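**Q** Before we start, here is the structure in question, set down as structure tokens.
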Amino acid sequence: MGPTPDDTVVVGRIGRPHGVRGEATIEVRTDDPDGRFVPGAVLRTDPADRGPLTVAGARWHREVLLLAFEGYDSREEVEALRDTLLEVPVADLPALEDPDDYYDHQLHGLAVRLPDGTPLGEVRAVRHEGADLLVVARVDGGELLVPFVSAIVPTVDVAGGVVVVDPPEGLLDL
């Protein structure tokens, strides 16, 4: 039996080509882009038939990460990779030293409850926009963005599959 998507985690998405020598802009989805995207690194892809891709070069252009891949030397070749997700096996992720740190994939699908046990929804995603936000699909429909800070999210039980949210006044009305 081969690997399933659950065995991998997305670390980036290929954007538009940059320049004429086969570099692509990368939407970074990892906390350690400089350690993850090094020349020689092999990345799985989604869709799978576009990879695996081997990083040939990596550099920052202002705030944007640019990657070159082995065998992709022109703007047109890189354009064909646009919107490809770059993945690494979960087993390759370093262990987190802080017990209060989590990889995004560990939080996806966790049940979200209020302190009294009332079901609120399920974690659908984690956004990193200045502050970390949990994207919660509400049981009653719609979406809720919850600041991922210990004052509002006092309990994260990955093994138990539950996140407890203690919302400040008004958060649930947004």
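The values are calculated or read from the model by the stated rules, or taken from the named source; none is laboratory data. Since we're looking at a predicted model, the values are computed, not measured. Cβ: placed from backbone, ideal geometry, glycine included. Neighbour counts: every protein chain shown. Just so you know, the surface numbers come from the protein's heavy atoms only, side chains and all, with ligands and any DNA or RNA stripped out. Shrake-Rupley method; radii C 1.70, N 1.55, O 1.52, S 1.80 Å.
**Q** Residue check: is V126 in contact with a helix residue (DSSP H, G or I) (Cβ under 7 Å, 6 or more places away or on another chain), crowded, with 16+ Cβ neighbours inside 10 Å, modelled with pLDDT under 90 and not in a loop (DSSP other than H, G, I, E, B)?
**A** So V126 passes the test.
**Q** Within the set of pairs 6+ apart or on separate chains, which have a first residue in the range 63-78 that is at negative phi, a second that is open to solvent by 60 Å² or more (accessible area, probe 1.4 Å), and C-beta atoms under 6 Å apart?
**A** As it stands, the answer is L66/R59; R75/V20, since those pairs meet every condition given.
**Q** Residues that are of a type outside the set (V, I, T): list the strands (runs of 3 or more DSSP E) wholly contained in the range 132-174 that include at least 3 such residues.
**A** 143-147
**Q** To continue, here is another question. Determine which member of the set V162, V139 is at pLDDT 90 or above and touching a Lys or Arg at 6+ places or on another chain (Cβ under 9 Å).
**A** It is V162.
**Q** What are the pairs with Cβ atoms under 9 angstrom where one residue, in the range 158-173, is farther than 19 Å from E143 by Cβ and the other, located anywhere, is surrounded by 10 or more Cβ atoms within 10 Å (Cβ to Cβ) and aromatic (F, W, Y)? Sequence gap at least six, or different chains.
**A** Here the result reads V158/Y102, each pair linking the range 158-173 to a residue that is surrounded by 10 or more Cβ atoms within 10 Å (Cβ to Cβ) and aromatic (F, W, Y).
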